[in-house]
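Reading through the structure tokens given below for one structure.
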Amino acid sequence: MTDSPPAHESESVARGRETVACLEHVTKIFEKTPAVDDLNLEIYEGEFFSLLGPSGCGKTTSLRMLGGFEEPTSGRILLGGRDVTYQAPYHRDVNTVFQSYALFPHLDVFENVAFGLRRQRLNKAEIARRVGSLLEIVDLPSYEKRRASQLSGGQQQRVALARALVNEPKLLLLDEPMSALDAKLRRQMQIELKRIQTQVGITFLYVTHDQEEAMTMSDRLAVMRNGKIEGIGSPRDVYDSPSTEFVATFLGASNLLTGEITNTEGPFATITLTNASTLSVPRERVPAMSGSKTVKVGVRPEKISIGASSASPPPGHNQLRGRVRVSTFTGVGNQYLVDTASGVEVTVYAQNIGQELAPRSGENVTLTWPVEHTFAVRPMRGGDDIDELQSEGE
Ligand SMILES: Nc1ncnc2c1ncn2[C@@H]1O[C@H](COP(=O)(O)OP(=O)(O)OP(=O)(O)O)[C@@H](O)[C@H]1O
Ligand SMILES: [Mg+2]
């Protein structure tokens, strides 16, 4: 029998990319409770990876262990294939951008960026070349002589980024670097940051609790909860096929209806809801169940079309009947809250393309969506408060 490589190794080989950072069974316990719980994670060269999750789920702790600011209680940390678990931060080819930029207020922009290079004793011309090129990239070319204390929040953020990138680390760790910026500037910086990352080609590990931010910028992301990863993949995969109820709720809005798996023959499983109506779900989107057959069937609000009552669903579609409770015009579209016969209120987002006649509250409607946009997840255990999670994810 041949030894098969560990799953993570074959995955990175399959992607043809080198692994830059790796957490292997990493646990960090503070005063008895695990902040990070047997975490396994691999970051590939050149990717923009985000760790996303509610407050206290262990994002910063994971990042600090990668940076060398915290030692794991157990497990291993590898950078570029080398075990660095107990190595000091300055022995790691990693830089960190924290939430507070910690610029030197009395130094000008050039000196703030040059700081790390001066410590490496590079010659003057090389320092000027590198700093100049980085200031170009972060779009602050004429700010060299400006003091850090005279910059706006967004500009300070760019200087902090330039400073962290100037010595070309293998990996850049960013811990909620935009939380001090207002919403509009944040959105601009999201696009900027992604552009900068693509241009410099350095691997970014970005921590945030803002799901929109993570989806906009990341090549891959992981949704964390209670020190563990619950879902990982490209933003589209994690959004379209969430692995758990928590992921479905934390990453965007989901309609979730409770039902029993009643048939798994063929390419589609049948889920029977509490009011006996049935929905089809692609088999690969139904979790393997042992014992209980109870699942939650999910569909995203923008996948549903809302229309006048009709007899039966078109082929390849699921359908539910209901009555509009609230109909709201939002400019870009209409949002509906629909009471369905299964007892669950379903949210629908319809885009405003200028043609539709919006159903009004009190109208009977049919909700229709393609079977392939339907997923099923195992219900959360008791004690998990979805409302709380939802408000944290906003
Ligand atoms: N030095 C510490 N001593 C004791 N407990 C800690 C310490 N650092 C973190 N914790 C605990 O570990 C858990 C994870 O904290 P962590 O800072 O990693 O969360 P986070 O996901 O970054 O949250 P946030 O989004 O609020 O920044 C929390 O329950 C926190 O209280
Ligand atoms: Mg944190």
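A compact table of results
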{"quantity": "Square roots of five times the Cα gyration tensor eigenvalues for the chain, Å", "calculated": "45, 27, 17"}
{"quantity": "Per-residue [θ]222 nm for the chain (sum of -39500 (n - 2.57) over DSSP H runs n ≥ 4, rounded to 500)", "calculated": "-7500 deg cm²/dmol"}
{"quantity": "Residue with peak Gaussian network fluctuation, the chain [Cα springs, cutoff 10 Å], from Gly298, Gly331, Gly307", "calculated": "Gly331"}
{"quantity": "Separation between Cα centres of the stretch 277-345 and the stretch 226-244, rounded to whole Å", "calculated": "21"}
{"quantity": "Size of the stretch 17-239 as Cα extents on the principal axes (Å, biggest first)", "calculated": "48, 38, 36"}
{"quantity": "Most fluctuating residue given options Arg158, Arg225, Arg325, as computed from a GNM of the chain linking Cα atoms under 10 Å", "calculated": "Arg325"}
{"quantity": "DSSP-defined antiparallel bridges as percent of all bridges, the chain, nearest 5", "calculated": "80"}
{"quantity": "Gln199/Asn40 FRET efficiency (R0 22 Å; Cβ-Cβ; nearest 0.05)", "calculated": "0.10"}
{"quantity": "Within-13-Å neighbourhood charge of His91 [Cβ basis; K, R +1; D, E -1]", "calculated": "+1"}
{"quantity": "For the stretch 253-393, alpha-carbon Rg over 2.2 N^0.38 Å", "calculated": "1.07"}
{"quantity": "Potential lengthening between Asn263 and Ala180 on full extension [0.36 nm per residue; Cα-Cα distance subtracted]", "calculated": "24.8 nm"}
{"quantity": "Estimated distance in nm for a label pair at Ala308 and Ser74, the labels positioned 7 Å out from Cα along Cα-to-Cβ", "calculated": "6.5"}
{"quantity": "In nm, spacing of pseudo-spin labels at Phe30 and Arg381 (7 Å Cα→C-beta vector)", "calculated": "2.3"}
{"quantity": "Label-point gap, in nm, between Ala88 and Thr328 - each point 7 angstrom along Cα→Cβ", "calculated": "5.4"}
{"quantity": "GNM flexibility winner over the chain from Ser218, Ser292, Ser327 (Cα, springs under 10 Å)", "calculated": "Ser292"}
{"quantity": "Separation of alpha-carbon centers, the stretch 136-196 and the stretch 55-78, rounded to whole Å", "calculated": "24"}
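Laboratory data are not the source of any read-out in this text; all were calculated from the coordinates shown. Keep in mind it's a predicted model, so treat the numbers as computed, not measured. Every residue, glycine among them, receives a Cβ derived from its backbone with ideal geometry; neighbour counts consider all protein chains shown.
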